[in-house]
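See structure below.
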């Protein structure tokens, strides 16, 4: 092998190693961001869509009941 080929081979090896390292860093950052996102979501104590819909229906029923009771109370006062 000539000196030029050795230099090119060494450079290509270094570049490949650098690319692999960059990919590893990218994967590590993505993983860290996913864990951070999950941590923040857990701290917010969010509810699922199903739980939200159930609670919304319950509140609507209670609101309707309160309105009905308010109407009957007004009628009794008169």
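Read-outs: derived from the displayed coordinates by stated rules, not from any lab. Since this is a predicted model, take the numbers as computed values, not measurements. Cβ atoms come from the backbone with ideal geometry, glycine included; neighbour counts cover every protein chain shown.
Taking the alpha carbon gyration tensor of region 1-45, multiplying each eigenvalue by 5 and rooting it gives semi-axes of 43, 4, 4 Å, largest first. Averaging Cα coordinates gives a centre for region 42-78 and one for region 3-36; these two points are 58 Å apart. Please determine, in degrees from 0 to 90 and to the nearest 10, the orientation of helix 49-77 with respect to the longest principal axis defined by the Cα atoms of the chain, where the helix direction is its Cα long axis. It works out to around 20 degrees. Between 0 and 90 degrees, the angle of helix 3-44 with respect to the longest Cα principal axis of the chain falls at about 10 degrees.
Given the choices [x] 56; [y] 69; [z] 44, percent of Cα pairs over 21 Å apart derived from the coordinates of this structure is entry [y]. For the chain, the 222 nm mean residue ellipticity estimated from helices alone, with every DSSP H stretch of n ≥ 4 adding -39500 (n - 2.57) and the total spread over all residues, rounds to -33500 deg cm²/dmol.
In plain terms, the chain from residue 68 to residue 50 could stretch by 3.7 nm, reckoned as 0.36 nm per residue minus the Cα-Cα distance.
Here the label points at residue 14 and residue 27, each 7 Å from Cα along the C-beta direction, are separated by 2.5 nm in the simple model. Have a look at 25, 66, 40 and tell me which one the Gaussian network model of the chain (Cα, springs below 10 Å) gives the largest fluctuation. Of 25, 66, 40, the most mobile in the Gaussian network model is 66.
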